[in-house]
1. Based on this model, can you work out whether residue 12 counts as surrounded by 12 or more Cβ atoms within 10 Å (Cβ to Cβ), outside any loop (DSSP other than H, G, I, E, B), of a type outside the set (Val, Ile, Thr) and in contact with a Leu (Cβ under 6 Å, 6 or more places away or on another chain)?
2. So, in the range 25-46, exactly how many residues are without any contact (Cβ under 8 Å) to a residue 24 or more places away in the chain and under 15 Å from the mean Cα position of the chain (by Cα)?
3. Can you tell me which of (1) buried (at least 17 other Cβ atoms within 10 Å of the Cβ); (2) touching an Asp or Glu at 6+ places or on another chain (Cβ under 9 Å); (3) modelled with pLDDT of 95 or more is the one residue 108 doesn't meet?
4. Please work out which one of (1) of a type in the set (S, T, N, Q); (2) surrounded by fewer than 20 Cβ atoms within 10 Å (Cβ to Cβ); (3) assigned to a helix (DSSP H, G or I); (4) touching a helix residue (DSSP H, G or I) at 6+ places or on another chain (Cβ under 8 Å) is the condition residue 24 fails and give its number.
5. Quick one: is residue 83 under 23 Å from residue 131 (Cβ atoms), in contact with a Leu (Cβ under 9 Å, 6 or more places away or on another chain) and not aromatic (Phe, Trp, Tyr)?
6. So in the range 122-136, with the set limited to residues that are buried (at least 18 other Cβ atoms within 10 Å of the Cβ) and at pLDDT 90 or above, which one is farthest from residue 103 (Cα to Cα)?
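The values are calculated or read from the model by the stated rules, or taken from the named source; none is laboratory data. Computed from a predicted structure; not experimentally measured. Because the Cβ atoms are built from the backbone with ideal geometry, glycine has one as well, and the counts that use them run over all protein chains shown.
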Amino acid sequence: MVYLDTNVLIYASVVQSEEKKEKSLKLIEKLIKQKRLVLSTLVLQEFVFTLAKLGVESEIIKRDSDFYFDFVAVEYDYGTLRLAVNSCCENSSCKSINDIIHLYLAEKYRCKKLITFDRDFLKIVPRSNVKVEVLS
């Protein structure tokens, strides 16, 4: 299974870079066909927030998030939050708490890989058994 970071969904939905949009759409399509796409409740929460912040209309946000709900396989819970807070405090990396939570959620669902455009994940990878692939 492959866990996608929120930014992959954002680039697939909003044209910020034609190259990243195309890459994101192809990746999502491939993972869906292979039945390997995993999202979390945190990914959907960040997705809705970011689209709203970018000024995307509510109808589009609703349509796109409804589509992605079918791939939400893991929920953001108290235990995951507790692990992430402990981890970020031990390593002075609390500015990356959401990324740490994403890694723990990917691990929780036994994903082999997390795919993102965010290079900051590479700073926190040693805490996880999940391989991080950073798209460019």
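1. Criteria met by residue 12.
2. Within the range 25-46, residues that are without any contact (Cβ under 8 Å) to a residue 24 or more places away in the chain and under 15 Å from the mean Cα position of the chain (by Cα) number 1.
3. Status for residue 108: all satisfied but (3).
4. The number of the failed condition is (2).
5. no
6. 132
Rundown of residues vs (1) of a type in the set (Gly, Ala, Ser); (2) farther than 15 Å from residue 1 by Cα; (3) part of a helix (DSSP H, G or I), yes/no style:
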{"position": "59", "(1), (2), (3)": "no, yes, yes"}
{"position": "62", "(1), (2), (3)": "no, yes, yes"}
{"position": "103", "(1), (2), (3)": "no, no, yes"}
{"position": "106", "(1), (2), (3)": "yes, no, yes"}
{"position": "111", "(1), (2), (3)": "no, no, no"}
